[in-house]
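Readers should treat all values here as calculations from the given coordinates under stated rules, not as data from a laboratory. Remember, it's a predicted structure, so these values are computed and weren't measured experimentally. Heads up, the Cβs are rebuilt from the backbone with ideal geometry, glycines too, and the neighbour counts pull from every protein chain shown.
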Amino acid sequence: MALRKIRTIGDEVLTRQCREVKGMTLRTRTLIQDMFDTMYEAAGVGLAAPQVGILKRIFVVDVDGEHPYVFINPEILEMSGEQTGEEGCLSVPGKYGIVTRANYVKVRALDQDMKPFELEAEELLARAIQHEYDHLDGHLYVEKAEGDLQEVE
């Protein structure tokens, strides 16, 4: 298990566009495992590669502690509905904001074996996928937050 340093708001890496992953390597496999370890240690539900300083189109999500997903080169195919709720980020520690996102997403990606898959998600899983996907294009949830951010109590 290796924990990586989570980059926080203000770090330029969080504003950069990530590069597509061309193939699976030992280094990328290690990155994915480290991302899960780091996410779980920080009590998060998702983590994108740029949050640990790596500009690759990879993110991991596990909203319930029982269904870990790896998304490599993800593409959102469909979005519908609407949900508004509290959203936080490991890269914006101690704060949360109110964000409106789609309630349903359909996403296509590669898994850790570089096999393609599609996933339909709703509610928290849909929110997490959209949140992490934004990281791959250099965007933080604070850009979408309604009003001021709040302090986590």
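Which entries in the list Lys115/Lys144; Lys5/Lys144; Lys56/Lys95; Lys22/Lys56; Lys56/Lys144 go over 21 Å, if you measure between the two C-alpha atoms of each? With Cα atoms farther than 21 Å apart: Lys115/Lys144; Lys5/Lys144; Lys56/Lys95; Lys56/Lys144. For segment 8-61, GluC sites (Glu not before Pro) meeting the loop criterion (DSSP other than H, G, I, E, B) and having at most 11 other Cβ atoms within 10 Å: Glu20.
For segment 12-151, DSSP calls about 95 percent of its internal beta bridges antiparallel. How many angstrom separate the Cα center of segment 1-52 from the Cα center of segment 60-119? Segment 1-52 and segment 60-119 have Cα centres spaced 14 Å from each other. Around the Cα centre of segment 12-151, unit charges on the Cβ atoms of Lys, Arg, Asp and Glu (plus for the first two, minus for the last two) sum to a dipole of about 740 debye.
When you filter the trypsin sites (Lys or Arg not before Pro) in segment 47-113 for DSSP loop state and at most 12 other Cβ atoms inside 10 Å of their Cβ, nothing is left. Looking only at Leu77, Leu14, Leu110, which one moves most when the chain is put into a Gaussian network model with springs between Cα atoms under 10 Å? Its mean-square fluctuation being the largest, the pick is Leu77. Taking each DSSP H run with n ≥ 4 as -39500 (n - 2.57) and averaging over every residue of the chain yields -6500 deg cm²/dmol at 222 nm.
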